[in-house]
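The values are calculated or read from the model by the stated rules, or taken from the named source; none is laboratory data. None of the values given here were measured: they were computed from a predicted structure. Cβ sites come from the backbone with ideal geometry, for glycine too, and all protein chains shown count toward neighbours. Heavy atoms of the whole protein, side chains included, go into the accessibility calculation; ligands, DNA and RNA do not. Shrake-Rupley method; radii C 1.70, N 1.55, O 1.52, S 1.80 Å.
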Amino acid sequence: MATKVTIIGAGPCGILLAHYLLRRGNYQIDIYDRRSDPRLVSFSTYRTYPLALCERGLSALRNIPGLEEAIKAEAIAVTGRVAHLNNGKSRYLPRSKPVYTIDRTTLAIALLNKLTEQYDDSQVKINFDCQCTRLDLQTKTAYFENKSQTASNLKFTVGYNLLVGADGVRSIVRNSLLNTKLFELEQKYLTNGYKTLYLQPDADKGYNFQAGQLYAWSLKDGTRFLAVPQLNKTVSCILQFPKPENFLTSFSSVQEVLAFFQENFPDIRQNLSEEEAKAFLEKPISRIMTIRCNPYHYDDSVLILGDAAHAVSPSLGQGCNSAMEDVVILERLLDKYEDNWTEVLAQFSLCRIPDAHALSELSDYAFPLSKSLVIEWLLRRNISRVMHKLFPEYFPLYFSERAADTMDSYLEILNSAQGWISKVKRENKKFYERL
């Protein structure tokens with residue numbers, strides 16, 4: 001008899017898990033997601049800022065035949081970063097290995113398409129517009145509301161034997177564990193805030209964005225702007241600022257938005273339409289929430305993965321990659337314990353939590369805010385690159401590149417960079433206190 005697994009969340013992590021389990025055979029998968037089917041929604045509606053897939057994420061895709069190739073066909077290989085300096089000049093920072101940028105929804109669609117091509121409804125059922133509202137852990141029952149406009153039964157329940165929460169940073173599954181014994185949760189918002197916008201560059205005017213490069217600008221107060229060209233010629237942009245309660249909240253007109261970009265980011269202003277400036281003005285300021293919890297399972301029936309278990313700052317670009325690595329680690333444990341989920345769930349928490357907590361520390365304090373430490377960071381990284389090239393057996397990659405370009409554990413990487421991380425933590429705290 002097939003083992004039935006219920007997955008809450010049809011994002012990249014949840015869909016990739018379905019691929020892995022179905023490949024093993026003798027599994028039946030039911031997936032529920034609160035969002036609409038992304039394959040039926042226009043890009044202008046669903047567009048999200050891009051993810052960067054590095055070796056960890058790519059190796060997870062590589063284990064499913066044809067999946068890595070399908071994703072790369074929708075992504076852009078990024079080989080370097082153009083850092084714009086305050087003096088008007090720029091510095092090109094090449095990467096030793098490319099990372100692949102792809103819109104999160106485009107990634108989910110590619111994973112979904114491959115899944116439905118290979119497996120039919122008797123093996124996997126995907127239910128969109130179905131929001132999980134609560135779990136009864138004792139009776140193993142999940143409660144849902146169907147948000148579809150055509151739904152005849154708006155509320156329903158699902159019984160489960162094994163349930164996996166891949167439902168993101170505001171996970172209903174994780175929150176259901178709060179009332180269980182010994183469960184620990186730390187969730188916090190990062191001090192800074194951000195807004196996104198999208199550009200449609202004109203080749204005949206404005207700044208010329210080249211595919212395969214990331215573009216970064218920064219102001220003296222710590223405000224940063226990141227632009228990432230996409231495959232469809234759109235440029236996804238993130239404006240990040242040190243504190244949400246800042247000048248952005250005082251903008252009252254499109255003209256003020258355009259004037260701000262003209263003064264601070266003139267390269268961007270050349271490509272910024274009044275329509276997009278209006279959308280930027282009306283968009284609320286977003287905050288990044290990070291999650292640390294322990295354990296990642298409950299009894300022999302519930303597991304949380306990805307952002308539901310360990311949401312981190314995007315500074316290292318490891319959020320999606322670490323979520324995909326969760327799936328790889330889970331499969332290794334299924335191999336080791338011959339699909340004995342009782343043993344697998346407990347072992348997953350034991351082996352994954354130290355690494356995930358280490359990634360949280362690395363992501364929070366990898367990059368400094370104070371100007372003096374930025375210079376030191378550049379020196380450290382450049383020296384590390386030279387020494388690694390000359391003596392790779394004695395000098396590992398710089399820790400941020402090591403996280404992206406190797407499969408070394410995050411805990412090992414944190415231990416090697418602990419001195420720098422502690423220094424940045426102290427200086428960043430002073431920086432925010434001065435604001």
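Summary table
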item: Condition met for Leu190 (out of contact with any Ser or Thr (no Cβ under 7 Å at 6 or more places or on another chain), touching a residue at least 24 places away in the same chain (Cβ under 8 Å) and at negative phi); result: no
item: Hits in region 351-383 (condition: part of a helix (DSSP H, G or I), among the aliphatic types (A, V, I, L, M) and in contact with a helix residue (DSSP H, G or I) (Cβ under 6 Å, 6 or more places away or on another chain)); result: Ala356, Ala358, Leu359, Leu362, Leu373
item: Enumeration of residues in region 133-183 that are of a type outside the set (Gly, Ala, Ser), open to solvent by less than 30 Å² (accessible area, probe 1.4 Å) and assigned to a strand (DSSP E or B); result: Leu135, Thr141, Phe144, Val158, Leu162, Leu163, Val164
item: Filter result for Asp121 (open to solvent by 40 Å² or more (accessible area, probe 1.4 Å) and either touching a residue at least 40 places away in the same chain (Cβ under 8 Å) or part of a loop (DSSP other than H, G, I, E, B) (or both)); result: yes
item: Region 363-383, subset hydroxyl-bearing (Ser, Thr, Tyr) and at pLDDT 85 or above, residue surrounded by the most Cβ atoms within 10 Å (Cβ to Cβ); result: Ser363
item: Residue count for region 293-321, restricted to those that are farther than 23 Å from Tyr160 by Cβ and among the aliphatic types (A, V, I, L, M); result: 3
item: Residue match in region 189-201 (condition: open to solvent by 50 Å² or more (accessible area, probe 1.4 Å), within 19 Å of the chain's Cα centre (by Cα) and at pLDDT 85 or above); result: yes
item: Selection status of Tyr337, touching a helix residue (DSSP H, G or I) at 6+ places or on another chain (Cβ under 8 Å), over 30 Å from Thr196 (Cα atoms) and crowded, with 20+ Cβ neighbours inside 10 Å; result: no
item: Lone unmet requirement of (1) modelled with pLDDT of 95 or more; (2) among the aromatic types (Phe, Trp, Tyr); (3) within 22 Å of Tyr398 (Cα to Cα) for Tyr119; result: (3)
item: The one condition in (1) touching a residue at least 60 places away in the same chain (Cβ under 8 Å); (2) at positive phi; (3) more than 19 Å from the chain's Cα centre (by Cα) that Gly9 fails to fulfil; result: (3)
item: Qualifying position, being open to solvent by 20 Å² or more (accessible area, probe 1.4 Å) and part of a helix (DSSP H, G or I), among Val327, Val344, Val424, Val386; result: Val386
item: Criterion: assigned to a helix (DSSP H, G or I), in contact (Cβ under 8 Å) with a residue 12 or more places away in the chain and buried (at least 20 other Cβ atoms within 10 Å of the Cβ) - qualifying residue of Ser315, Ser322; result: Ser322
item: Neighbours by Cβ (under 9 Å, 6+ apart or cross-chain): first from region 369-382, within 17 Å of Ala417 (Cα to Cα); second at pLDDT 75 or above and open to solvent by 90 Å² or more (accessible area, probe 1.4 Å); result: Leu378/Arg91
item: Test: residue in region 19-26 that is surrounded by 17 or more Cβ atoms within 10 Å (Cβ to Cβ), of a type in the set (D, E, K, R) and not in a strand (DSSP E or B); result: no
item: Residue ID - modelled with the highest pLDDT, chosen from residues in region 28-49 that are buried (at least 18 other Cβ atoms within 10 Å of the Cβ) and basic (Lys, Arg); result: Arg34
